Structures are given as structure tokens and as C-alpha cells.
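One structure is given below, encoded as C-alpha cells.
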Amino acid sequence: MTTNGYLLDLNTASALVNVGVTKYQISLDGPREIHEQSRIRADGKSTFERIWTNLLAIRDSSLPIYINLRLHFTVDTVKLIDPLLKDIKRELLPDSRFAVYFKAIERLGGTNDASIKKCRTANDFQCQSWGCCQKGAGVSDH
């Protein structure tokens with residue numbers, strides 16, 4: 001199941017496990033400050049904290065759930081993702097139920113296409129401490 005993770009609290013995750021839904025792709029648009037600029041609720045409230053809280057609750061559970069955390073980035077935000085990646089490595093990746101996937105934001109024909117800077121080369125994906133520099137590269141500590 002692909003989801004933003006906002007409604008995937010422990011009760012919902014448990015109910016979904018009971019009907020056989022155990023694999024998830026949850027996306028974040030970068031660290032809290034960046035995510036909150038692009039993932040705004042209709043009422044203007046933030047989403048990052050609730051998603052992060054849900055991820056930690058699942059981590060602390062024994063549910064047989066597997067989460068592929070997809071981190072979106074742009075040429076402008078890639079240099080800001082390191083603190084989030086450090087948090088993910090510390091909090092989630094020691095648990096084998098979690099993995100990370102990096103995905104460049106693309107122009108897909110929407111109204112925001114003009115504001116998205118296209119990544120042109122492998123250099124556009126580099127940052128200080130990932131250990132990966134390719135579009136779509138995954139990282140984990142196991």
C-alpha cells in the first residue's frame with residue numbers, strides 16, 4: 001500500500017495486518033521544514049510530526065509490517081536531507097522492517113511543473129553523508 005502515513009497509526013496498522021495488508025511505501029518530502037511546505041493539510045495544519053509519530057509507534061510494535069520509506073528530493077532540497085537521514089538511520093533502520101528509497105521529484109505534467117528544477121546529472125543527487133548518489137538508490141544499515 002502506498003500512503004503518506006498520516007492515518008497509519010498503530011490501531012489502523014493492526015487492523016490492516018488482520019486483513020493481510022503488511023507492506024507499505026510511505027513518502028516524505030524531506031526534513032520537517034521542507035515536508036511541511038509541500039504537504040499541507042486542507043486546514044493548513046502540519047503532517048510531518050504525526051507521520052513520524054506513526055512510524056515510531058510501528059517501530060515499537062511487534063506487528064509484521066514492512067515499510068519502504070521513500071524520501072523525495074529536488075536539486076534545491078537534496079542538501080537539506082542529511083539531518084532527516086541521520087534520524088531515520090538512528091530511529092528506524094536498526095529495525096529490519098524499515099528501508100529507505102530516494103526519489104527525485106519529477107515533472108509529471110502538473111500545475112507545479114514549472115517550479116521543479118530537473119536533476120540533470122549524478123552530481124545533482126550528491127550530498128554529504130548518504131553513501132549513495134544515484135537517483136532511486138536505497139540505503140539501509142543491514
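The heavy atoms of LYS23 present about 140 square angstrom of accessible area, all protein chains included, probe 1.4 Å.
Residue by residue, the range 18-30 carries 3J(HN,Hα) couplings of 4, 10, x, 8, 10, 10, 9, 10, 10, 10, 10, 9, x Hz when phi is fed to the Karplus relation 6.51 cos²θ - 1.76 cosθ + 1.60 (θ = phi - 60°); x denotes Gly or Pro. Once all protein chains are placed together, TYR24 keeps about 10 Å² accessible to a 1.4 angstrom probe. Applying the Karplus relation 6.51 cos²θ - 1.76 cosθ + 1.60 with θ = phi - 60° to the range 65-72 yields 3J(HN,Hα) values of 10, 10, 10, 9, 8, 9, 9, 8 Hz, where x marks Gly and Pro.
The values are calculated or read from the model by the stated rules, or taken from the named source; none is laboratory data. Here the structure is a predicted model, which means the values were calculated and not measured. Note: areas computed on protein heavy atoms with side chains; ligands, DNA, RNA excluded. Shrake-Rupley method; radii C 1.70, N 1.55, O 1.52, S 1.80 Å.
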